[in-house]
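**Q** Dropping the structure in here first, questions after.
The values are calculated or read from the model by the stated rules, or taken from the named source; none is laboratory data. Keep in mind that this is a model prediction, so the values were computed, not measured. In this analysis, Cβ positions are derived from the backbone assuming ideal geometry, glycine residues included, and neighbour counts consider all displayed protein chains.
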Amino acid sequence: MKKYFLSMLVALFAFFTSQAQTYKGLPQKANDYITKHFSGYIISHYEKDSEILDVEHKVYVSKQAVSFKLDFNKSGDIKDIESLDDKTPLPKSVLPVKISQYVKANYPQAKIIEWKMRKNSQVVELNIDLELIFNGKGDLLFTDPDFTKK
């Protein structure tokens, strides 16, 4: 009986520690997004920026030496995902398939290190100091070869 009880405790501990952390101030939609795309990562830092007409949630997730910054709007929709070391690519699950396929076909050695959703466009930053701007459907609008990190 003791072995059964101990086994159950270990199983429950493993289950709860494998689940992504959630924060009460973070919209449920954002918590669900983190759980889906960053399973195994911990939330290392959370900030809520409130302005007069807007609220932004900044979440930093990390696992070992890999860290990402996620920006969500007040509803919990993702707005920006950034690799904090500029070398680690974003998880494939967070990128629109059409954009991932375009980058893979046209820049096979490059890694996507940032993705931003704008009102009518999506911006992707590659680790080769190049930005690609896509429309909302994932069609390329233009590239910015003059992009340099500031």
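**Q** For the stretch 130-139, give me each residue that is closer than 13 Å to Val97 by Cα and without any contact (Cβ under 8 Å) to a residue 40 or more places away in the chain. It would help to see each step written out before you state the result.
**A** Keep residues of the stretch 130-139 that are closer than 13 Å to Val97 by Cα, which gives 134, 136-139.
Phe134, Gly136, Lys137, listed by residue number.
**Q** If the Cβ limit is 9 Å and pairs must be 6+ apart or interchain, which residue in the stretch 73-89 that is closer than 23 Å to Ser50 by Cα pairs with which residue that is of a type in the set (S, T, N, Q) and not in a strand (DSSP E or B)?
**A** The qualifying pairs are Gly76/Gln28; Gly76/Asn31.
**Q** Still on this structure, I have one more. Hey, among Glu125, Glu114, which residue is over 22 Å from Ser39 (Cβ atoms) and modelled with pLDDT of 95 or more?
**A** Only one candidate passes the filter, namely Glu125.
**Q** Looking at Gln101, Gln122, which one is closer than 21 Å to Ala30 by Cα and of a type in the set (S, T, N, Q)? Please lay out each step first, then the result.
**A** Details: Gln101 fails: closer than 21 Å to Ala30 by Cα.
Unique residue meeting the criteria: Gln122.
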